[in-house]
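Here's the structure, in C-alpha cells; my notes come after.
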Amino acid sequence: MSEESKITALISLLDEPDKELFTQISKELIGMGNVAIKPLEHVWETALNDDIRDRVEDILRQIQIHNRCEEIQAWMDGEEQNMEDMFAIFSRIVDPNFDEAEMRITLGQLNAELWVELHENMTALEQVKVFNHFIFETKSFTVDRMTPFEMGNMFMHQVLQRKKGNDLTLGLLYLYFAKKNHISLYGVHLPQNFLVAYTTEEPHSVSDILFYINPFSNGIVFPYNDLKEFLKKENISHKAEYFEICTLTDIFKRWLRTLVRVYEFNGSTLKAEEVNIILQVFQPKKEQV
C-alpha cells in the first residue's frame, strides 16, 4: 500500500467509536509525520462533525509537537548550534508556517550594518558600546516593560518586526551579533533577568568574565562585585550559577520555561502543556516519559 493510500485509509477511520482502536489509528497518523498534515487539514476544513474536527486537531497538534522535538534534538546533536536555526524552531512552536526566509534575511541585514561599525582594534567596552548604540538607538529596539508577558516578546521573527522584546530575546540578539562577529559574549542565568557576559576568548570560569551586560537596561555594563551587591540587595541567594556563563542549550531550556509561564499567564493552558512536553527533549533519555 502506498503512503498516500495508507493515509487515506487511516483518515477514513477517524470516526472509529472504539477508543483503543482510535488510539492506534491516531498513533499511525502521527507516525506518518508531515506527509499527513495536508490531508488532515483538508478533513478539518471540510468535516461537518465537530468530534472529527477535534480528533484531527489533536492529531495535527501532536505531529507538530513531534516535529519540534525532533528539530530540537537534531539542533542539539549538530556540530554547530546555529542561532538562526534556534530562532526558527522558537517561531515554529507558535506558527509552523511563519516566514523563516524573511527572518533570516532581516538578521543578516542587521548584522551587515553592525559589522561596518566594528573595528579590529576596539576594546571590549568599545565593542559593547557599538552594540548598544546600534540595537537601542540606530535600530530603536526597546524593552517591553509595560506588557512583559506579551507573546510577541518571545519569538525572534516578531521581535524583529515589532522592534520590541524582553530581556531574553534582546539578550539573544546580542549573542547572535557576537557570534557572527567572533566576539566572546555568553548568556548568564540570573533569576528573572537574563544577562550577557563579555569574556576572554576561551572562558573556563567566572574569573574569565570581564564584565556583565544587562539587555533589560539598554545594555548597561557592570562588574562582578556589582552583580554580587545586586543579589544581596534583592535577597537573592548567592549561587555560583548566577555568575557563570551558560550554553545555548541552557538558554533554549530557559526560553521554553519562560514560554510556559507566558502561555499560562495568557490563559493558554493547552499550549503550556505542549511546551512542557517539548521540554522533555532536554531530559536524559532514561528520564523521558
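Rule-based calculations on the coordinates, nothing more; no lab input. The model shown is predicted, which means the values in this text are computed figures rather than measured ones. Using ideal geometry, Cβ is built from the backbone for each residue, glycine included, and neighbour counts are taken over all protein chains shown.
Set against the 2.2 N^0.38 Å expectation for a compact globular protein, the chain has a Cα radius of gyration ratio of 1.17. Count the net charge of all other residues whose Cβ sits under 12 Å from the Cβ of MET83, scoring Lys and Arg as +1 and Asp and Glu as -1. Net of charged neighbours comes to 0. Build a GNM of the chain with springs between Cα atoms under 10 Å apart, and of GLY108, GLY219, GLY187 the one that fluctuates most is GLY108.
Under a model in which nothing but the beta-carbon of Lys, Arg (+1) and Asp, Glu (-1) is charged, region 179-289 shows a dipole of about 240 debye around its Cα centre.
By the equivalent-ellipsoid construction on the alpha carbon gyration tensor, region 197-241 comes out with semi-axes of 19, 15, 8 Å, ordered largest to smallest. Here's the list of lysines a cross-link from LYS27 could span, going by alpha-carbon distance under 25 Å and ignoring same-chain residues fewer than 8 apart: LYS6, LYS19, LYS38, LYS271, LYS285, LYS286.
Under 10 Å, Cα contacts only: if you run a Gaussian network model on the chain, which one of ASN166, ASN181, ASN67 comes out with the highest mean-square fluctuation? With Cα springs under 10 Å in the chain, the top fluctuation among ASN166, ASN181, ASN67 is at ASN181.
Hey, with R₀ at 41 Å, roughly what FRET efficiency would LEU118 and ARG261 work out to, going by the Cβ-Cβ distance, to 0.05? With R0 = 41 Å, the Cβ-Cβ based efficiency is 0.70. Charge tally for ILE72 (other residues, Cβ to Cβ under 12 Å; Lys, Arg +1; Asp, Glu -1): -1.
Farthest toward the positive end of the dipole of the chain, out of SER184, ILE25, PRO96, is the Cα of SER184, where the dipole comes from beta carbon charges about the Cα centre. Kirkwood Rh over alpha-carbon pairs of region 178-255, then Stokes-Einstein at 20 °C and 1.002 mPa s: what D in µm² s⁻¹, rounded to an integer? Rounded, D is 167 µm²/s.
Largest first, the extents of the alpha carbon coordinates of region 230-288 on the three principal axes equal 38, 31, 18 Å. With angles folded into 0 to 90 degrees, how steeply does helix 83-94 sit against the dominant principal axis of the chain? Use alpha carbons for both and round to 10. The answer is roughly 40 degrees.
Orientation-averaged projection of region 39-175 equals 11.1 nm² [convex hull of Cα atoms, one quarter of hull surface area]. Over region 121-266, the pair-distance histogram of Cα-Cα distances with 5 Å bins from zero comes to 2, 9, 20, 23, 21, 15, 8, 2, 0, 0 percent, rounded to whole numbers.
The 3J(HN,Hα) values that the Karplus relation (6.51, -1.76, 1.60; θ = phi - 60°) gives for region 226-242 are, in residue order, 5, 5, 4, 5, 4, 4, 5, 5, 8, 6, 9, 4, 7, 10, 4, 5, 6 Hz. Gly and Pro appear as x. Sorting ASP15, ASP250 by the number of Cβ atoms found within 10 Å of their own Cβ, with the fewest placed first, yields ASP15, ASP250. Annotation: lysines with alpha-carbon distance below 17 angstrom to LYS228 (same-chain offsets under eight excluded): LYS239. Quick one: net charge of PRO39's neighbours, Cβ under 12 Å, K/R +1, D/E -1? So the surrounding residues net to -2.
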